[in-house]
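Worksheet: one structure, shown below.
The values are calculated or read from the model by the stated rules, or taken from the named source; none is laboratory data. Bear in mind the structure is a predicted one, so any value in this text is a computation, not a measurement. Heads up, the Cβs are rebuilt from the backbone with ideal geometry, glycines too, and the neighbour counts pull from every protein chain shown.
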Protein chains: 2
Amino acid sequence: MIEIGKYLEQEKAKIDRALAERMPRSAPAAVVDAMRYSLEAGGKRLRPILALAVAETLGAEDESIIDVACALEYIHTYSLIHDDLPAMDNSDLRRGKPACHRVYGEAVAILAGDALLTLAFETIACYGSRAGREKRAIRITGELAGAAGVEGMIGGQVLDLEAEGAALDAAQVDKIAIMKTGALLRAAVVCGAIAANASEKQIKVLNAYASRIGPAFQIIDDLLDYESTTAELGKPAGADQILSKATYPALLGSEEARRRAEALYIDAVSALDKLDRPSGLLKELANKMIYRTR
Amino acid sequence: MIEIGKYLEQEKAKIDRALAERMPRSAPAAVVDAMRYSLEAGGKRLRPILALAVAETLGAEDESIIDVACALEYIHTYSLIHDDLPAMDNSDLRRGKPACHRVYGEAVAILAGDALLTLAFETIACYGSRAGREKRAIRITGELAGAAGVEGMIGGQVLDLEAEGAALDAAQVDKIAIMKTGALLRAAVVCGAIAANASEKQIKVLNAYASRIGPAFQIIDDLLDYESTTAELGKPAGADQILSKATYPALLGSEEARRRAEALYIDAVSALDKLDRPSGLLKELANKMIYRTR
């Protein structure tokens with residue numbers, strides 16, 4: 001078993017390379033520069049790594065899984081660009097660097113986000129244009145669109161904006177976290193499984209794992225925001241408090257929030273015991289997502 | 001042969017019904033309301049009608065073409081919502097009604113656009129989930145994403161924004177028109193053909209038709225903007241001049257611009273003579289697109 005820190009580094013490098021290779025060439029420079037800027041702004045590549053790790057767990061040799069990995073990162077990056085816009089969370093910093101709209105202006109940032117979302121589906125169409133992959137590509141398109149759309153990420157962002165300053169209960173905070181962050185993390189695992197030709201039973205088990213690590217990851221994110229300084233976090237510290245967003249730690253206190261994340265983590269790794277494949281890698285990944293400092 | 005005015009009315013009603021039926025149900029009301037508002041704001045449904053007309057011309061009975069038609073209208077509507085944003089064209093009116101962001105605010109308007117783009121691909125995935133349609137759905141996804149992306153609509157919008165106040169020549173204005181408007185109109189025709197199981201030869205002929213009506217349509221659009229008052233047009237008159245955008249009439253004068261549109265129209269309908277199917281409907285549609293008053 002490869003050491004997890006090394007594994008993450010190596011997979012991140014693979015994804016960074018694939019993202020760089022796939023940048024559109026014959027397109028207006030302004031928008032492509034903005035897309036590249038945000039794609040290269042230091043993301044952890046968590047979603048694509050999850051997809052690659054699932055495929056590896058299922059013993060899929062197919063190199064094409066990298067297409068699916070890139071599509072996931074495009075969708076994640078588009079969502080960050082749009083979330084940071086002045087009309088949304090109005091964030092000047094992202095991952096320690098000026099937000100896309102601060103560098104390229106609002107118009108180009110909006111278009112760069114639109115372009116990354118579009119590129120995600122174009123990439124899956126390209127993946128699916130090889131014989132034998134059509135059904136998987138259609139299903140992956142459906143999963144990605146469902147996770148990104150009004151019943152997933154976009155819906156979560158709407159609820160999050162509406163919730164500013166409102167008094168939410170834990171069930172409402174849960175719902176927002178599941179839609180806004182959980183849906184795409186779940187899709188990363190499920191799309192990795194589909195691309196790897198998983199059985200329906202395998203997909204079901206992996207779905208149970210994925211639907212727990214998403215909310216757990218969000219709780220830890222909120223905790224880090226709640227407790228960190230700007231320098232550590234790479235975005236304005238306590239940003240959620242400034243926008244008076246209801247978060248787990250604000251609602252439950254730091255300790256109870258952490259306990260909740262850990263309970264979800266335990267459920268996630270337990271679910272993997274039903275997988276008919278060695279699941280050490282996915283367990284270590286979940287561990288890494290929960291027990292992190294940033 | 002059905003009378004063209006009646007045909008357009010009947011097809012528009014069919015598309016309006018399909019769009020209404022397909023609105024997401026279990027999603028936050030704010031964003032769904034904004035999506036519906038813009039979808040129902042009086043569009044002519046030109047792109048979906050083109051797709052339906054192509055399928056009819058090719059004798060395709062398959063009712064599923066309506067999925068492709070809806071996806072085209074989602075992408076068109078998303079592009080209008082984002083184009084009207086304060087950071088882009090800053091338009092308060094669209095089709096005679098307040099722009100989406102004037103009614104729902106900027107944040108929800110951005111998200112409603114994102115959601116419509118996402119829904120377009122989800123709709124094609126749904127279309128492709130029926131056995132026998134997978135290959136066509138993949139190809140349609142690729143066509144739509146290509147037409148909507150940085151080498152199509154988004155790229156055209158970037159060039160258009162960059163061109164504000166700049167002195168462009170006819171070749172540059174052509175390029176913007178082809179990317180910004182032409183690409184999706186071309187995709188409407190080509191996707192209709194793919195969904196109708198067209199031969200490669202038929203697709204080639206229809207592509208020649210489509211790649212001429214797009215720019216012709218854009219010239220007429222510019223002319224109408226150039227010559228109209230706000231009340232006639234449903235958007236602020238002379239908006240292009242206010243933003244000092246380079247348009248065909250500004251560059252060539254009204255008469256020369258109209259001559260150019262008519263030459264493109266003649267090329268478009270001539271191309272159809274190579275189609276092995278009766279092409280009266282597509283010719284009449286092209287005629288209607290050019291000889292219109294708004």
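Count, please, the residues in the range A:179-200 that happen to be free of Cβ contacts under 8 Å to residues at least 40 places away in the same chain and not in a loop (DSSP other than H, G, I, E, B).
Our first condition is that a residue be free of Cβ contacts under 8 Å to residues at least 40 places away in the same chain; within the range A:179-200, this holds for A:179-180, A:182-183, A:186, A:199-200.
This time we only want the ones that are not in a loop (DSSP other than H, G, I, E, B), so: A:179-180, A:182-183, A:186, A:200.
Residues flagged as free of Cβ contacts under 8 Å to residues at least 40 places away in the same chain and not in a loop (DSSP other than H, G, I, E, B) within the range A:179-200 amount to 6.
Take the conditions (1) buried (at least 21 other Cβ atoms within 10 Å of the Cβ); (2) within 14 Å of chain B (Cβ to nearest Cβ); (3) touching a helix residue (DSSP H, G or I) at 6+ places or on another chain (Cβ under 6 Å); A:M88 misses just one of them, which is (1).
Yes/no matrix, rows are residues, columns are (1) farther than 16 Å from A:D221 by Cβ; (2) touching a helix residue (DSSP H, G or I) at 6+ places or on another chain (Cβ under 6 Å); (3) at pLDDT 95 or above:
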position: A:G149; (1), (2), (3): yes, yes, yes
position: A:D160; (1), (2), (3): no, yes, no
position: A:G165; (1), (2), (3): yes, no, no
position: A:D174; (1), (2), (3): no, no, no
position: A:L184; (1), (2), (3): no, yes, yes
position: A:I194; (1), (2), (3): yes, yes, yes
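Of all residues in the range B:174-185, none are over 14 Å from the mean Cα position of the chain (by Cα), at the interface with chain A (Cβ under 9 Å from one of its Cβ atoms) and aliphatic (A, V, I, L, M). Scanning the range B:273-287 for residues that are more than 20 Å from the chain's Cα centre (by Cα) and aliphatic (A, V, I, L, M) returns a single hit, B:L275. Residue count for the range A:25-65 satisfying the condition of being at pLDDT 90 or above, under 26 Å from A:E106 (Cβ atoms) and small (G, A, S): 5.
If the condition is being buried (at least 20 other Cβ atoms within 10 Å of the Cβ) and more than 30 Å from A:I178 (Cβ to Cβ), then the range B:12-45 contributes B:I15, B:G43, B:R45.
Cβ-Cβ distances below 6 Å connect the following pairs, each with a first residue in the range B:259-274 that is among the aromatic types (F, W, Y), a second residue that is assigned to a helix (DSSP H, G or I) and surrounded by 14 or more Cβ atoms within 10 Å (Cβ to Cβ), and a separation of six or more residues or different chains: B:Y265/B:A216; B:Y265/B:A286; B:Y265/B:I290.
Is it true that some residue in the range B:66-83 is touching a strand residue (DSSP E or B) at 6+ places or on another chain (Cβ under 8 Å) and at pLDDT 95 or above? Yes: the range B:66-83 contains one or more residues that are touching a strand residue (DSSP E or B) at 6+ places or on another chain (Cβ under 8 Å) and at pLDDT 95 or above. Considering the range A:128-141, the residues that are facing chain B (nearest Cβ under 9 Å) and part of a helix (DSSP H, G or I) include one that is nearest to B:A27 (Cα to Cα), namely A:T141.
Part of a helix (DSSP H, G or I) and at pLDDT 95 or above: which single residue out of B:E262, B:E256, B:E232 fits that description? Matching residue, one of B:E262, B:E256, B:E232: B:E262.
As for the range B:25-34, it holds no residue that is within 19 Å of the chain's Cα centre (by Cα) and of a type outside the set (F, W, Y). Given the criteria surrounded by 24 or more Cβ atoms within 10 Å (Cβ to Cβ), more than 12 Å from chain A (Cβ to nearest Cβ), among the hydrophobic types (A, V, I, L, M, F, W, C) and touching a Pro at 6+ places or on another chain (Cβ under 8 Å), does B:L72 qualify? Yes: the conditions hold for B:L72. Taking the criterion of being over 16 Å from A:L282 (Cβ atoms) and touching a Cys at 6+ places or on another chain (Cβ under 9 Å), the residues of the range A:36-71 that qualify are A:Y37, A:S38, A:A41, A:D67, A:V68, A:A71.
Provide a single number: the residues in the range A:142-166 that are small (G, A, S) and outside any helix (DSSP H, G or I). If you could, list the steps in order and put the result at the bottom.
Keep residues of the range A:142-166 that are small (G, A, S), which gives A:142, A:145-149, A:152, A:155-156, A:163, A:165-166.
So of that shortlist, the ones also outside any helix (DSSP H, G or I) come out as A:149, A:152, A:163, A:165-166.
Selection size over the range A:142-166: 5.
The requirement of being modelled with pLDDT of 90 or more, touching an Asp or Glu at 6+ places or on another chain (Cβ under 9 Å) and assigned to a helix (DSSP H, G or I) is not satisfied by A:Q241.
Out of B:L144, B:L111, I need the residue that is buried (at least 24 other Cβ atoms within 10 Å of the Cβ), in contact with a Cys (Cβ under 7 Å, 6 or more places away or on another chain) and within 14 Å of chain A (Cβ to nearest Cβ). Which one?
On the way: B:L111 fails: in contact with a Cys (Cβ under 7 Å, 6 or more places away or on another chain).
Answer to the check: B:L144.
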